[in-house]
Structure formats: structure tokens, C-alpha cells
Amino acid sequence: MRVMISYKSADREVAEEIYAFLTARRHKVWIDLEMRSGVEWRSEFLKQVKAANVCVPIITEKYLASEHCRLELFVSRSYGHERPG
């Protein structure tokens with residue numbers, strides 16, 4: 001299963017814990033921490049969201065207040081990603 005983690009930077013520590021948990025169980029996980037410098041963010045995001053089967057959003061007040069985070073969630077849902085759980 002390919003998983004994408006969506007989070008607000010203020011929640012990075014939680015995102016890293018989820019990433020470690022999932023990768024330890026041999027899931028293929030993409031998190032923006034893996035982006036190389038010089039890569040155009042939007043095109044890489046779209047590439048990864050298309051490749052994912054599941055999006056795991058870390059929904060907090062700050063996440064919901066972020067237009068960018070809400071857009072990530074909307075794009076993910078438009079690709080029909082499953083809801084974890």
C-alpha cells in the first residue's frame with residue numbers, strides 16, 4: 001500500500017511518528033520531508049498524490065485553518081483515496 005501523509009508543519013513531530021510507524025511495517029510512505037531541494041513542490045505533490053492509495057491527514061485546528069492543507073485533502077479525495085481505519 002502506498003500512503004501519503006498530509007500535515008501542517010506545526011504537527012511535524014506527529015507526522016514523523018506516523019511515518020516511522022508505517023515504514024516499520026513496510027508500507028511505502030511519502031511525506032514532504034523526503035523532497036529533494038530544487039524539486040518543484042506542486043508537481044512532486046501531484047505525482048505523489050496520484051501514486052498513493054491512502055492519504056493520512058493529521059487534522060488539527062491549524063491544519064483546517066490552512067488553505068494549502070485543505071487543498072491537499074481535497075486533491076487527495078478527488079483521486080478517490082481510501083480513508084484509513
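FRET efficiency for the pair ALA65 and MET1, taken as 1/(1 + (r/R0)^6) with r the Cβ-Cβ distance and R0 = 30 Å, rounds to 0.50. Only protein heavy atoms count here; on that basis, with a 1.4 Å probe, ILE59 has an accessible area of about 90 Å².
Under the criterion of Cα pairs below 8 Å and six or more residues apart, the relative contact order for the chain equals 41 percent. Convex hull of alpha carbon positions in the chain: directionally averaged projected area 5.5 nm². For the pair SER78 and HIS27, label points projected 7 Å from Cα toward Cβ lie 2.4 nm apart.
When nucleic acids and ligands are ignored and a 1.4 Å probe is applied, HIS27 ends up with an accessible area of around 60 Å².
In the chain, the DSSP-assigned H stretches of four residues or longer account for a calculated mean residue ellipticity at 222 nm of -14500 deg cm²/dmol, using -39500 (n - 2.57) per stretch and the full residue count as denominator.
The values are calculated or read from the model by the stated rules, or taken from the named source; none is laboratory data. No experiment lies behind these values; they were computed from the predicted model shown. Don't worry about glycine lacking a Cβ; one is built from the backbone with ideal geometry, like all the others, and counts go over all protein chains shown. Remember, those area values only see protein heavy atoms, side chains included, never the ligands or the DNA or RNA. Shrake-Rupley method; radii C 1.70, N 1.55, O 1.52, S 1.80 Å.
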